[in-house]
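Just so you know, all these numbers are worked out from the coordinates, no wet-lab data involved. What you see is a predicted model, and the numbers here were worked out from it, not measured in a lab. Positions of Cβ are backbone-derived with ideal geometry, glycine not excepted, and every protein chain shown enters the neighbour counts.
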Amino acid sequence: MLLIENFIKSSFKNPFELVLNECFQFNDFKILNSNLSPNFRSILEDSLINPELYINTRISNNSNSMEILNSKINPILSELFQIYRETNLNLNIFDFYQVFKNSLNKDEILQKIMEILDDKNNILENYLNDEIRFKFIYKFFNDMDISNDLKWDKLTLVWFLQKCGELIDLGFCKQIKRKGDTLEKNIWRGL
């Protein structure tokens, strides 16, 4: 008996040492297929609905203003996607923008941005590598001739346009040719 056991151990590898050994012990093709080639749309939607699964948003004791701002708001694309999910098939861009702008906490975000900009060395060192861009942004946010409402409108419009472009690139919506003020949700089939 010992001879046979030694022969088997020396001739065959332990199946648990094989790469992807679970594949060879599994019968259900659907589960195998979903794990090896997952549904792209559902993963994308899940990550946009729950960005904290992929992005660490916890604040530590020595967090700087940028980390605090990032923990206070979800990524902008996630905020826009939440609104996108609740809308009809056709989205009026202006209404979509208004809902997006009102969903963000204006005072808190502007205050944190000002704190970030006041720490010039930290922002240039860690976030912006272009001093000219920093001067432009700093000048814009510290300009007393521009009201905070106008600053907020410009900031949210830039975020909105960037993230709408990303939603279009991801295939969630497209612009209707005959109407320039409307986006249409794309319907994904079999993805």
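Other residues within the sphere of radius under 12 Å centred on the Cβ of residue 149, judged by their own Cβ, net out at +2 (K and R +1, D and E -1). Full extension of the segment from residue 95 to residue 49, taken as 0.36 nm per residue of separation minus the current Cα-Cα distance, would add 14.4 nm. Going from the fewest other Cβ atoms within 10 Å to the most, the residues 94, 134 appear in the order 94, 134.
With neighbours defined as other Cβ atoms within 10 Å of a residue's Cβ, the residues 115, 86 order from fewest to most as 86, 115.
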